[in-house]
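The structure appears right after this line, and notes come after that.
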Amino acid sequence: MLQKINEAADYLKRQFAAQPKAGIILGTGLGGLVDEIDIRKSIDYKDIPHFPLSTVEGHSGRMILGTIGGVEIMAMQGRFHYYEGYTMQQVTFPVRVMKRCGIDTLFVSNASGGLNPDFRVGDIMVITDHINMFGTNPLIGPNLKEFGPRFPDMSEVYSKRLIGRAFEIAASEGISLKSGCYVGTTGPTFETPSEYKMFRVLGGDAVGMSTVPEVIVAHHSGMEVFGISIITDSGVPGEIVEVSHEEVQKVAAAAEPLMTRVIKELVAGL
Ligand code: HPA
């Protein structure tokens, strides 16, 4: 595993013009951030040693090297979901590669179903904490001590510093942000009304099918993490309507420009 991570990282490092500072996973809602990147190089996942290939509709698979506001970044266009059949190790492989490339800050985004009754469809939620409901953990197995400890502390996974900055940026740009706890589940089914209710009772504000594995691995290796989620549908009793991938993509696309502005400023300020 370590050797594969190193081979992928060595391949990417040869493509750098300068040391990247931040890693970005361009999940749902951040696709438009690509337009803010001064792209120097775009590398197909298939050309990176040992990289999984992405399959799901609406996601492509490329690693983008470039700058945002003068800050060197490395961005994943297309991520790997557990529901696609990848192992947890495959889902989180790129994050380990980023760490090996010297990256210390990770930005992630996703789409989610709202559980908090104060949220509206189209709202943007800064992730302040998560609940891992995948029923597994990407750190199960021999611990890679080169990355972090066997039993990682999880008391502050999402950087309070970056969350604070995000709210400052949003306030100065007149963008309204929510904040809350993201529940990560396997999917690919959306939730039944009873499941939405259960996740709310457990303490969640939003539920989705990604992010938690990558964030666990990033945090394990000491990376500072910032996560943001677009509420694309409601799981609040009385508000639940039929939901589809197309609807999720449509709502996410509408919220994308605001989310992009916040992340762009956050990265530029690193
Ligand atoms: N549940 C799970 N994942 C999601 C949802 C949802 O309601 N919306 C977007 N991703």
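Numbers for the structure displayed
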quantity: Pairs of alpha carbons in segment 1-145 whose separation is greater than 17 Å (percent); calculated: 64
quantity: Nearest-ten-degree value, helix 2-13 long axis tilted from longest Cα axis of the chain; calculated: 80
quantity: Estimated dipole of segment 115-199 in Debye, rounded to 20 [Cβ of Lys and Arg +1, of Asp and Glu -1, Cα centre]; calculated: 140
quantity: Where labels lie 7 Å past Cα in the beta-carbon direction, separation of L144 and E246 in nm; calculated: 4.0
quantity: Angle in degrees between helix 193-202 and the longest Cα principal axis of the chain, rounded to the nearest 10; calculated: 70
quantity: Whole-Hz ³J(HN,Hα) from phi, Karplus 6.51 cos²θ - 1.76 cosθ + 1.60, for segment 118-129, glycine and proline x; calculated: 7, 8, 10, 4, x, 5, 10, 10, 6, 7, 9, 6
quantity: Extension gain (nm, one decimal) between E239 and E156, 0.36 nm per residue minus Cα-Cα; calculated: 26.7 nm
quantity: Largest-first principal axis extents, alpha carbons of segment 181-270, Å; calculated: 42, 31, 20
quantity: Net lengthening on full extension, S42/A268 (0.36 nm per residue, minus Cα-Cα); calculated: 79.3 nm
quantity: Segment 203-270 and segment 130-181: distance between their alpha carbon centers, rounded to Å; calculated: 12
quantity: For the chain, diffusion coefficient by Stokes-Einstein and Kirkwood Rh (Cα), 4 °C, 1.567 mPa s, µm²/s; calculated: 70
quantity: For segment 81-146, radius of gyration divided by Kirkwood radius, i.e. Rg to Rh on alpha-carbons; calculated: 1.02
quantity: Relative contact order (%) - criterion: Cα under 8 Å, at least six apart; region: segment 9-130; calculated: 35
quantity: Share of Cα-Cα pairs in segment 89-224 lying beyond 18 Å, as whole percent; calculated: 58
quantity: Reachable lysines from K145, criterion Cα separation under 27 angstrom, eight or more residues apart if same chain; calculated: K4, K13, K21, K99, K160
quantity: Förster radius 41 Å - calculated FRET efficiency between T189 and Q19 (Cβ-Cβ, nearest 0.05); calculated: 0.50
quantity: Residue among G184, G203, G31 with the largest mean-square fluctuation in a Gaussian network model of the chain, springs linking Cα atoms under 10 Å; calculated: G203
quantity: Segment 27-117: GluC sites (Glu not before Pro) in DSSP coil with no more than 15 other Cβ atoms inside 10 Å; calculated: E57
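A short reminder: the numbers here are calculations on the coordinates, not readings from a lab. From a predicted model like this one, the values you see are computed outputs, not experimental measurements. When we count neighbours, we look across all protein chains shown, and the Cβ atoms used for this are built from the backbone with ideal geometry, even at glycine.
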